[in-house]
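The values are calculated or read from the model by the stated rules, or taken from the named source; none is laboratory data. Everything numeric in this text was worked out from a predicted model, so none of it was measured. Ideal geometry is used to build each Cβ from the backbone, glycine not excepted, and the neighbour counts take in all protein chains shown. To get the accessible areas, we keep the full protein, side chains included, count just its heavy atoms, and leave off ligands, DNA and RNA. Shrake-Rupley method; radii C 1.70, N 1.55, O 1.52, S 1.80 Å.
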Amino acid sequence: MTTWDARYDRAEYLFGTAPATFLETHISRIPEGSSVLAIADGEGRNSVFLAQAGHDVTAFDTSTVALQKAKDLAAQSGVAVSYHNAGIEDWDWSRQFDAVVGIFIQFATPPQRDALFENMKRAVAPNGLVLLHGYRPEQVSYGTGGPPHAENMYTDAMLEAAFAEFEILDLRSYDAVIEEGVGHSGRSALIDLIARKPSQ
């Protein structure tokens, strides 16, 4: 059993079954009936919410335990999601989607993150959206979720540089109290990015 399988191997959902507040807040930005890719989607709370909103959702995760829980959640919710067992290193990034969603994917080390951002940009169709939600470095001292590695976190300057060729529609850093299962609980140092890929 992998580390991630062990983390998810519990009766309850590690991060709960409700979507991230960020996604609830910005779901209307994704045009109706879009094709959406949910990266490292875990137990499915965000992919299921996207499918409930009427989108054609594809999601992947490296944990088979999490994927089974995601499939169960989708079935219970009466929606269809195309789930795949894959990591960020072996996903087919040549497939393009109207929107690419990455929520709390900060297991990626800085070199992995650089490659991941480039792949995310490649996977977005022209005029499509990237929605990214995660932690700032201050999160490490809060200790309310995420890895204990400040270098894995995001800053405004980092995201502005990484998505410089995109139209940045929203970029904000803020603190908020989140309650997302036992995995994310308490005051958190958050950062959001919504960016649109140029038409050509």
- Message: If every alpha-carbon in the chain counts as one equal scatterer, what log10 I(q)/I(0) does Debye give at q = 0.15 1/Å?
- Response: -0.90
- Straight distance only, please: which aspartates and glutamates reach the Cα of K197 with their own Cα at less than 14 Å, same-chain residues fewer than 8 apart left out? D98, E118, E160, E165, E167, D170
- Message: Could you check the spin-label model distance between R122 and E167? Points 7 Å from the Cα along Cα→Cβ, value in nm.
- Response: 2.5
- Give me the percent of Cα-Cα pairs in the range 36-95 that sit more than 13 Å apart, rounded to a whole number. 51
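Per residue, how many Å² of accessible area does the range 1-114 show with a 1.4 Å probe?
Values: 5040 Å² over 114 residues.
For the range 1-114, the per-residue accessible area is 44 Å².
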- Task: Evaluate the relative contact order of the range 91-192 (contact order divided by residue number), counting alpha-carbon pairs under 8 angstrom at least 6 apart; express in whole percent.
- Result: 28
- Message: Suppose a student asked you for the relative contact order of the chain, using Cα pairs under 8 Å spaced at least 6 residues apart; what percent would you report?
- Response: 19
- Query: Based on the Kirkwood radius over alpha-carbon pairs, what is the Stokes-Einstein translational diffusion coefficient of the range 109-175 at 4 °C with 1.567 mPa s viscosity, in µm²/s?
  - Reply: 99
- Query: How large is ³J(HN,Hα), in whole Hz, for each residue of the range 47-57 in order, when computed from phi with the Karplus curve 6.51 cos²θ - 1.76 cosθ + 1.60 and θ = phi - 60°, using x for Gly and Pro?
  - Reply: 5, 5, 4, 4, 5, 4, 7, x, 8, 8, 9
- Among the aspartates and glutamates, which fall within straight-line cross-link reach of K71, defined as a Cα-Cα distance under 20 Å, with same-chain neighbours fewer than 8 residues apart omitted? D5, D9, E12, D41, E43, D56, D61, E180
- Query: Over the range 56-152, how many percent of alpha carbon pairs lie in each 5 Å bin up to the one with the longest distance?
  - Reply: 3, 11, 19, 21, 20, 16, 9, 2
- Message: I'd like the distance separating the alpha-carbon centroids of the range 139-200 and the range 30-87, in whole Å.
- Response: 21
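Indicate, rounded to the nearest 5 percent, the antiparallel portion of the DSSP beta bridges found entirely in the chain. Write down the numbers at each step before the final one.
Working: 20 of 38 bridges.
DSSP beta bridges in the chain are roughly 55 percent antiparallel.
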- Would you pull out the residues with amide H under 5 Å of N127's amide H, same chain only if 5 or more places away, H placed 1.01 Å from N? K197, S199
- Item | Cα gyration tensor category, rounded, prolate or oblate, for the range 1-116 with a/c compared to 1.5 | oblate
- Per the helix-only model, the chain has a calculated mean residue ellipticity at 222 nm (DSSP H runs of ≥4, -39500 (n - 2.57) each, divided over all residues, rounded to the nearest 500) of -8000 deg cm²/dmol
